[in-house]
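S.K.: Okay, here's the structure, questions in a sec.
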Amino acid sequence: MSTKLSRRKIADYIVSNILDGGDLGVATKQLAGYLIESRRVNELDHIVRDIEFALSAQGHVVANISSARSLSKATAMAIEDMLKSSNSVKRVYAKYEIDKSLIAGVKIEIPDKRIDKSVSRQLSILRTSQTN
Amino acid sequence: MESILLQFGSAEAPSGGIMESLGVDWQTLILQIIAFLILVFLLGKYVFPTLTKILDDRQTKIDSANKAAEHAKKAADEAETRVSELLKKARHEAADIISLAKLESDSNISASEEKAKKQAEQIVKSAQADISRQIDDAKKALYNETLELVSLATGKIIGESMTDKLDKDFIEKSIKEIK
């Protein structure tokens with residue numbers, strides 16, 4: 001019977017593996033095996049979030065960047081540079097996705113922050129401020 | 001008549017004296033006296049005390065019966081007086097109770113009327129407040145729905161009129177703001 005590890009320990013293990021240049025595929029398989037064996041598969045989302053936090057603490061930020069239209073390379077670079085310039089970030093792992101509901105603008109989610117500069121958000125703020 | 005008187009007047013006196021002339025025999029008389037005295041003694045010794053005692057007892061009984069009768073009469077009179085007083089007091093109390101009950105009844109009726117009136121006023125007030133609140137809620141709901149529609153319409157218009165260029169400019173402006 002395997003010992004139940006805390007999510008933080010698992011995240012630290014994976015992060016050290018990634019940063020030390022270990023095989024990410026092997027680490028991922030180990031994690032999957034451990035979660036299945038210890039019946040903790042439902043914690044996967046939390047563990048991924050913890051890994052992102054741990055990476056962020058080491059200066060490696062995983063950013064989910066959403067926009068209504070596909071971003072040009074220049075815009076994407078500008079966003080990544082902006083992220084690097086703040087919080088002494090060494091590297092940005094950007095994941096881009098199209099979200100038409102944003103109407104226009106961009107939404108950036110990093111482990112400890114959420115920057116929403118979309119039109120839908122502006123409209124939502126306007127609506128909330130005016131709602132009785 | 002004259003002859004009779006003469007006959008007695010001429011009669012000779014007996015030789016034994018007047019007693020003998022009267023036909024009294026001394027011996028017999030003495031015996032009768034003795035017998036009488038004995039009789040008086042016996043009666044005084046045995047009969048009269050018994051009779052006297054019986055009579056005294058009877059008198060005593062009669063006296064005590066009289067006393068008891070007087071006592072009973074007195075007690076009856078007192079009881080009658082007490083009953084009379086109690087009846088008078090009871091009538092007075094009954095009158096007071098009736099009077100008080102009437103007052104209370106009047107007071108209760110008045111209080112009930114007042115309570116009913118207050119309740120009616122309260123119901124009307126509550127209904128008015130409820131209607132007012134519902135109107136306010138409806139106004140708010142309408143306002144919010146309008147706002148929602150405006151927001152949706154605005155979003156749709158912006159979405160339709162938004163070009164890649166405009167979006168790019170908007171994003172770059174936002175990045176500058178963040179920096």
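The values are calculated or read from the model by the stated rules, or taken from the named source; none is laboratory data. Everything numeric in this text was worked out from a predicted model, so none of it was measured. In this analysis, Cβ positions are derived from the backbone assuming ideal geometry, glycine residues included, and neighbour counts consider all displayed protein chains. For accessibility, only protein heavy atoms count, side chains too; no ligands or nucleic acids. Shrake-Rupley method; radii C 1.70, N 1.55, O 1.52, S 1.80 Å.
S.K.: Are there any pairs, at least 6 apart or on different chains, whose C-beta atoms fall under 6 Å, with the first in region B:162-174 and facing chain A (nearest Cβ under 7 Å) and the second basic (Lys, Arg) and surrounded by 13 or more Cβ atoms within 10 Å (Cβ to Cβ), and if so, which?
M.R.: Note: pairs meeting the criteria are B:ASP164/A:ARG69; B:ASP167/A:ARG69; B:SER174/A:LYS117.
S.K.: All but one of (1) in contact (Cβ under 8 Å) with a residue 40 or more places away in the chain; (2) farther than 17 Å from A:ARG49 by Cβ hold for A:SER124; state the number of the condition that does not hold.
M.R.: (1)
S.K.: Is it the case that A:ALA94 is loosely packed, with under 14 Cβ neighbours inside 10 Å and either at pLDDT 90 or above or within 14 Å of chain B (Cβ to nearest Cβ) (or both)?
M.R.: It is false that A:ALA94 is loosely packed, with under 14 Cβ neighbours inside 10 Å and either at pLDDT 90 or above or within 14 Å of chain B (Cβ to nearest Cβ) (or both).
S.K.: Taking the residues in region A:110-121 that are outside any helix (DSSP H, G or I) and open to solvent by 70 Å² or more (accessible area, probe 1.4 Å) as candidates, determine which candidate is farthest from the other protein chains (Cβ to nearest Cβ). Spell out the reasoning first.
M.R.: Of region A:110-121, the ones outside any helix (DSSP H, G or I) are A:110-118.
Restricting the remaining residues to those that are open to solvent by 70 Å² or more (accessible area, probe 1.4 Å) gives A:112-114.
Values: A:ASP112: 15, A:LYS113: 10, A:ARG114: 12 Å.
My answer is A:ASP112.
S.K.: Which pairs turn up if I take residues in region B:140-158 that are within 21 Å of A:ALA68 (Cα to Cα) and open to solvent by less than 100 Å² (accessible area, probe 1.4 Å) and look for partners that are of a type in the set (Val, Ile, Thr) and assigned to a helix (DSSP H, G or I) with beta carbon separation below 6 Å, at least 6 apart in sequence or on another chain?
M.R.: B:ILE158/A:VAL119
Yes/no matrix, rows are residues, columns are (1) away from every other protein chain (no Cβ under 11 Å); (2) part of a strand (DSSP E or B):
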{"position": "A:GLU43", "(1), (2)": "yes, no"}
{"position": "A:VAL62", "(1), (2)": "yes, yes"}
{"position": "A:ARG69", "(1), (2)": "no, no"}
{"position": "A:ALA78", "(1), (2)": "no, no"}
{"position": "A:ASP81", "(1), (2)": "no, no"}
{"position": "A:VAL89", "(1), (2)": "yes, no"}
{"position": "A:ILE108", "(1), (2)": "no, yes"}
{"position": "A:LEU123", "(1), (2)": "no, no"}
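S.K.: Further, regarding this structure: Restricting region B:5-49 to residues that are among the hydroxyl-bearing types (Ser, Thr, Tyr) and open to solvent by less than 70 Å² (accessible area, probe 1.4 Å), which is modelled with the highest pLDDT?
M.R.: So, considering only residues that are among the hydroxyl-bearing types (Ser, Thr, Tyr) and open to solvent by less than 70 Å² (accessible area, probe 1.4 Å), the one modelled with the highest pLDDT is B:THR28.
S.K.: For the structure I just gave you, tell me whether A:GLN130 is surrounded by 15 or more Cβ atoms within 10 Å (Cβ to Cβ) and either within 30 Å of B:THR146 (Cα to Cα) or at pLDDT 90 or above (or both).
M.R.: Criteria not met by A:GLN130.
S.K.: B:SER132 - would you say it is assigned to a helix (DSSP H, G or I), of a type in the set (Ser, Thr, Tyr), at the interface with chain A (Cβ under 9 Å from one of its Cβ atoms) and open to solvent by less than 90 Å² (accessible area, probe 1.4 Å)?
M.R.: Against the criterion (assigned to a helix (DSSP H, G or I), of a type in the set (Ser, Thr, Tyr), at the interface with chain A (Cβ under 9 Å from one of its Cβ atoms) and open to solvent by less than 90 Å² (accessible area, probe 1.4 Å)), B:SER132 does not qualify.
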